[in-house]
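Down below is the structure, laid out as structure tokens.
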Amino acid sequence: MRIEFDRDTCIAIYQCVDEWDAFEKDMDAGKATLVDGEEVEENVFSLEVPEGEEFDAEMAARVCPVDAITLYDDDGEQMIP
């Protein structure tokens, strides 16, 4: 499973931070940050979800009010949103 985070879309509600510790608050930028995420496009970060953390990653994606977080299964199919 892979997660993508569009930092430009983020509006700093930080619900993702509450759901999964792979996200942190960046108070200076007023955005969340995907820790260890690799920038795959300008301000779009991707990370392979570690085994055992799939539920937390899914919850982080589901609670984002602006759909800045997208999950993909191992076949590359979009799961959430």
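Read the figures in this text as sums done on the coordinates, not as results from a lab. Just so we're clear, the structure is a prediction, and the values are computed from it rather than from any experiment. Here the Cβ positions follow ideal geometry from the backbone for every residue, glycine too, while neighbour counts run over all protein chains shown.
Listing for the model above:
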read-out: Acute angle (nearest 10 degrees) that the helix 54-63 long axis makes with the longest principal axis of the chain, alpha-carbon atoms; value: 50
read-out: Net charge, Lys25 excluded, C-beta distance under 15 Å - Lys, Arg +1, Asp, Glu -1; value: -4
read-out: Kirkwood Rh, Cα atoms: Rg over Rh of the chain; value: 0.92
read-out: Two-site FRET efficiency, Asp26 against Tyr72, from Cβ-Cβ distance with R₀ of 25 Å, rounded to 0.05; value: 0.55
